[in-house]
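Peer 1: Pasting a structure here, questions to come.
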Amino acid sequence: MSTLVLNGISIKINEEGFLVDPSEWTREIAEEIAKEEGIAELTAAHWKVIEYCRQYGLESGKAPTLRTITNNAGVSTKEIFNLFPKGPAKKVAKISGLDKPEGCV
Amino acid sequence: MKKLLILGAGTAGTMVANRLRRLLDRDEWRITIVDQHETHYYQPGFLFIPFGMYSKNDVIKPKRDFIPAGVELIMSPVELIEPDHNRVKLSRDGRIINYDFLVIATGAHTHPEETPGLQEHEWYKSIFDFYTVEGAVALAKHLRSWQGGRLVVNVVENPIKCPVAPLEFIMLADWFFHEQGIRERVDITYATPLPGAFTKPIASRHLGDILDQKGIHVVPEFMIEHVDPDARKIVSYDEQEIEYDLLVSIPLNMGDTVVARSGLGDDLNFIPVDKNTFVSPKHANIFVLGDAASVPTSKAGSVAHFAVETFSENFLRYIDGLEMQPSFDGHANCFIESGFGKGLLIDFNYDVEPLPGRYPLPGIGPFTLLQESEMNHWGKMMFRWMYWNILLKGQELPLPARMTMAGKWNDN
């Protein structure tokens, strides 16, 4: 467990950088995490995906899989790889303040 | 008479039919099981076919041989499940079967047609799978005369049945090419959508080290977009390319199409259920067992076995009006063949990832966890006999259904 400090407010994150409490999430936090993940600026296209993930996460209590996002958020797999390169489902879950998408063991 | 209907006579369906036929009163309960295929496959055996260790005959038996007396077996595809009417429509003769309780055990299947270029003109020429008996047999034939080159093993997308099988395939391939005397002419690459060799960190590290020692190259986070069968390369969504001479693919795995037709599944036709009891959150008289269920553990026979065991006890409580116990812990127990007559064993559940240590088994064990040993290889080889003779018939194995920490080393 560690903390991310933003404008004097500290937010708890786990070892892998996912928010411990999704309700602590704000858009500013998303931008901060995105920077750490190598995405300098969140565009409208990014936000469309993030907002879908937030909604899905709040309703189901878990992060959507890549296939769930591409089937439902109006974004193709190719596009989502451009927006969130290298492991987009995990990256967008982290930026959206959700837990890691359930591993497939 | 109360009616229990089971869809699917694969590993999970057959085990639960056997177990519940013994546990439920024959005067009160009618059990029916439906399947469309006559042949039962010992799927863990497919892995050994490409290397000539098993033949087709070692992995097939008639399904009928494993359905106990007192269970009606109907051979037919299932057209539609209608939970609101407690009935199932069969394709054959348009027959309708009503039920009081329904167990869905329709499994998972591979879909190579979902990846462009995969199942086209090079299918079974330079591109193979080993998750079907046809693919495994075709690959065996191909490998007998293959002179070496670049072997690429690629998992299209998770979840897949038996998530350790691709790793086993690679390690057996390494051994097989050594035996053939052509290992130095073969370049082996494993391209996986996962961040490492395996899903869980400690096992991923141990397995990654073993692959490294064997000179196997791992390409993580490779999400395939298409195959170019003429240029012989696979291309990912982020435009990485890997060239091959021989591609072994683990195609997309999906639940049965009847699940989609009946509106019961998720994006991959797997059915969401309570992960501790297997009851559907939408329909209190529907349960999903085996690979058909969307639960965060492996799609594997050992999981189905532990699931059936805990479910059967729970079902007896349920029909007597008691609450189900949250008794299934996601327990999986998998031998991993690593070549040269050795293997590993992993034992884990929803909360505890695979750890190194010892796995105690009175009279036979211990087996070594997450470390190679000959004992584990023999465990795996012995397993086929146990599968046909004990497991499928729903008989007791001396393995606890719930995972135990005994013997596991928890300090690294």
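Readers should treat all values here as calculations from the given coordinates under stated rules, not as data from a laboratory. For clarity, every value in this text was computed on a predicted model and none was experimentally measured. With ideal geometry, Cβ positions are generated from the backbone for all residues, glycine too; neighbour counts draw on all protein chains shown.
Peer 1: Distance from the Cα centre of segment B:102-173 to that of segment B:363-412, in angstrom?
Peer 2: The distance from the Cα centre of segment B:102-173 to that of segment B:363-412 comes to 26 Å.
Peer 1: Also: Once a ≥ b ≥ c are taken as the square roots of the eigenvalues of the Cα gyration tensor of segment B:111-252, is the result rounded (a/c under 1.5), prolate (a/b larger than b/c) or oblate (a/b not larger than b/c)?
Peer 2: rounded
Peer 1: Please sort by residue number the trypsin sites (Lys or Arg not before Pro) in segment B:64-114 whose DSSP state is loop and whose Cβ has at most 13 other Cβ atoms within 10 Å.
Peer 2: Answer by residue number: B:Arg95.
Peer 1: Which one, B:Ser145, B:Val155, B:Asn314, is farthest towards the positive end of the dipole of chain B when Lys and Arg carry +1 and Asp and Glu -1 on their Cβ?
Peer 2: B:Asn314
Peer 1: Note down the magnitude of the dipole of segment A:2-95 about its Cα centre, charges +1 on Lys and Arg C-beta and -1 on Asp and Glu C-beta and zero elsewhere, to the nearest 20 debye.
Peer 2: 380 debye
Peer 1: If segment A:2-95 were replaced by its equivalent ellipsoid, with semi-axes equal to the square roots of 5 times the Cα gyration tensor eigenvalues, what would those be, largest first, whole Å?
Peer 2: 22, 15, 11
Peer 1: Now, a different point. How many percent of all Cα-Cα pairs in the protein assembly as shown sit more than 37 Å apart?
Peer 2: 32 percent
Peer 1: Sort B:Arg22, B:Arg183 by Cβ crowding within 10 Å, fewest neighbours at the top.
Peer 2: Ranking B:Arg22, B:Arg183 by Cβ neighbours within 10 Å, fewest first, gives B:Arg22, B:Arg183.
Peer 1: Kindly flag which residue pairs out of B:Lys200/B:Lys342; B:Lys200/B:Lys408; A:Lys12/A:Lys94; A:Lys12/A:Lys100; A:Lys35/A:Lys100; B:Lys56/B:Lys233 have an alpha-carbon separation exceeding 20 Å in this structure.
Peer 2: Beyond 20 Å between Cα atoms: B:Lys200/B:Lys342; B:Lys56/B:Lys233.
Peer 1: Follow-up question, since we're still on this one. Using the Cα centre of chain A as origin and beta-carbon charges of +1 (Lys, Arg) and -1 (Asp, Glu), tell me which of A:Ile13, A:Leu42, A:Gly74 is placed farthest towards the positive end of the dipole.
Peer 2: A:Gly74
Peer 1: Magnitude of the Cβ-charge dipole of the protein assembly as shown, K/R +1 and D/E -1, about the Cα centre, nearest 20 debye?
Peer 2: 1400 debye
Peer 1: While we're looking at this one, here's another question. Could you go through segment A:34-47 in sequence order and give the Karplus-derived ³J(HN,Hα) for each residue, using 6.51 cos²θ - 1.76 cosθ + 1.60 with θ = phi - 60°, rounded to whole Hz, and x for Gly and Pro?
Peer 2: 4, 4, 4, 8, x, 10, 5, 9, 8, 8, 4, 5, 4, 5
Peer 1: Explain nothing, just the number: relative contact order of chain B, from Cα pairs under 8 Å at least 6 residues apart, as a whole percent.
Peer 2: 16 percent
Peer 1: Using a Förster radius of 30 Å, what is the FRET efficiency between B:Arg185 and B:Trp388 based on their Cβ-Cβ separation? Nearest 0.05, please.
Peer 2: Result of the calculation: an efficiency of 0.20.
Peer 1: Same structure again: Please compute the Kirkwood hydrodynamic radius over chain B, one decimal place, Å, based on all pairs of different Cα atoms.
Peer 2: 22.1 Å
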